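> Supplied in structure tokens, the structure appears directly below.
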Amino acid sequence: MVSNRSNSSSSSPCGQTVSNQLSATAAAPLKGIIFDMDGTLIQLNVVNELIQRIYQVADEDPLGKCLERDDLDVMIAKLSPEGQRKAKKTIVEILQRHVDNMTIQEGGPELVAFLARNGVKRAVLTRNYERNAIVMQQMYAQVMTEATFDLIIGKDTPYDTSFPPEQEIPKADRIRQICNIWGCDTNEVIMMGDSITDDIVEGNRAGCGGTVLLQPIGYQLNNFYGTRIGDSRERTPTMCVESLTDVRHFFAAQMNNDVCYQQGEM
Ligand SMILES: [Mg+2]
């Protein structure tokens, strides 16, 4: 189901002018879609554990007890050197287990294949490691005949020589980087993800033509920071969807491509 309203307890809606905004996007040719990975292209099954484990590290750290439980990366950077080491080790362990049990999001390969057939570029932009995103790509490739993703950018993917290799770059900068590689403006791409505090905020900051929030069971899953959908302009997605299949249906209609697209086919 595609909706312009959250089904969550949040009273804040998604963008009120959903159709108009995405129509405006479609008026300028859609060049590409930038996908978040965890919780978007693959099912999310470790974030709760990861956050709780990092909070535990912070609770046990001499500098961590009083820190605001906000963005994990910001909080970790304020821990003691030993606390930072423990937190990073914990993240690596959990993400590795996540990769070992990786499950493709329902409707993901069909959507990516549909976009590929229609000449829409696809990028993966993730705070996970690049090597894990490549594992995900290989899983998609096993069930697709079309090309999967044109670009994969992880937290450790080098940005340019002015940054050290392990430096994590804000997603908004990464979105601009992807558009630069694709030779288009940010308003010609759409950012899609399951986090309003990450994917939607960064997509809006970068000036994307639209932002799509995936809510697999109809409400906001990633609300660990106490934020709500639509509680600020930056946290207002253009559109909310419950599945990647819904996204495919939506773009099929937007592209007026119903002849090529038949429900149930990839
Ligand atoms: Mg995510």
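The values are calculated or read from the model by the stated rules, or taken from the named source; none is laboratory data. Just so we're clear, the structure is a prediction, and the values are computed from it rather than from any experiment. With ideal geometry, Cβ positions are generated from the backbone for all residues, glycine too; neighbour counts draw on all protein chains shown.
Table: residues versus (1) modelled with pLDDT of 90 or more; (2) surrounded by 22 or more Cβ atoms within 10 Å (Cβ to Cβ); (3) within 16 Å of the ligand (Cβ to nearest atom).
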site: LYS89; (1), (2), (3): yes, no, no
site: ARG97; (1), (2), (3): no, no, no
site: ARG127; (1), (2), (3): no, no, yes
site: ILE152; (1), (2), (3): yes, no, yes
site: SER162; (1), (2), (3): no, no, no
site: ILE190; (1), (2), (3): yes, yes, yes
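> State whether the residues of the range 205-218 include one that is more than 20 Å from LEU44 (Cβ to Cβ) and either modelled with pLDDT under 90 or hydrophobic (A, V, I, L, M, F, W, C) (or both).
Checked the range 205-218: at least one residue is more than 20 Å from LEU44 (Cβ to Cβ) and either modelled with pLDDT under 90 or hydrophobic (A, V, I, L, M, F, W, C) (or both).
> Right, next: Looking for whichever is in contact (Cβ under 8 Å) with a residue 24 or more places away in the chain and in contact with a strand residue (DSSP E or B) (Cβ under 9 Å, 6 or more places away or on another chain) here; the options are VAL57, VAL112. Which one fits?
When all the criteria are applied, what remains is VAL112.
> With respect to ALA141, is the statement that it is away from the ligand (no atom under 16 Å from the Cβ), over 30 Å from ALA252 (Cα atoms) and of a type in the set (A, V, I, L, M) true?
When the stated conditions are applied, ALA141 does not pass them.
> Could you tell me whether ASP59 is under 30 Å from VAL112 (Cβ atoms) and modelled with pLDDT of 90 or more?
Here the answer is no, as ASP59 does not meet what is asked.
> Something else: For the range 32-59, which residues satisfy the criterion of being closer than 16 Å to GLN96 by Cα, surrounded by fewer than 21 Cβ atoms within 10 Å (Cβ to Cβ) and either within 9 Å of the ligand (Cβ to nearest atom) or not basic (Lys, Arg) (or both)?
GLN43, LEU44, ASN45, VAL46, VAL47, ASN48, GLU49, LEU50, ILE51, listed by residue number.
> All but one of (1) at pLDDT 90 or above; (2) surrounded by 17 or more Cβ atoms within 10 Å (Cβ to Cβ) hold for ARG117; which doesn't?
(2)
> Further question: Would you check if ASP173 is among the charged types (D, E, K, R), in the same structural domain as THR197 (by TED's automatic domain parsing), at pLDDT 95 or above and surrounded by fewer than 18 Cβ atoms within 10 Å (Cβ to Cβ)?
Judged against the criteria, ASP173 is not a match.
> Starting from the range 192-204, take each residue that is within 17 Å of VAL74 (Cβ to Cβ) and list its partners that are assigned to a helix (DSSP H, G or I), counting only C-beta distances under 6 angstrom and pairs at least six apart or across chains.
Between residues of the range 192-204 that are within 17 Å of VAL74 (Cβ to Cβ) and residues that are assigned to a helix (DSSP H, G or I), the close pairs are GLU202/LYS171; GLU202/ALA172.
> Now, a different point. With at pLDDT 95 or above and more than 16 Å from the ligand (Cβ to nearest atom) as the only criterion, which of GLU68, GLU93, GLU110 stands out?
Residue meeting the stated conditions: GLU110.
> Of the residues ARG248, ARG228, ARG233, which single one is more than 16 Å from the ligand (Cβ to nearest atom), in a loop (DSSP other than H, G, I, E, B), at pLDDT 80 or above and not β-branched (Val, Ile, Thr)?
Selected residue: ARG233, the only one of ARG248, ARG228, ARG233 that is more than 16 Å from the ligand (Cβ to nearest atom), in a loop (DSSP other than H, G, I, E, B), at pLDDT 80 or above and not β-branched (Val, Ile, Thr).
> What number of residues within the range 192-211 satisfy the criterion of being in contact with an Asp or Glu (Cβ under 6 Å, 6 or more places away or on another chain) and within 11 Å of the ligand (Cβ to nearest atom)?
Total satisfying the criteria: 2.
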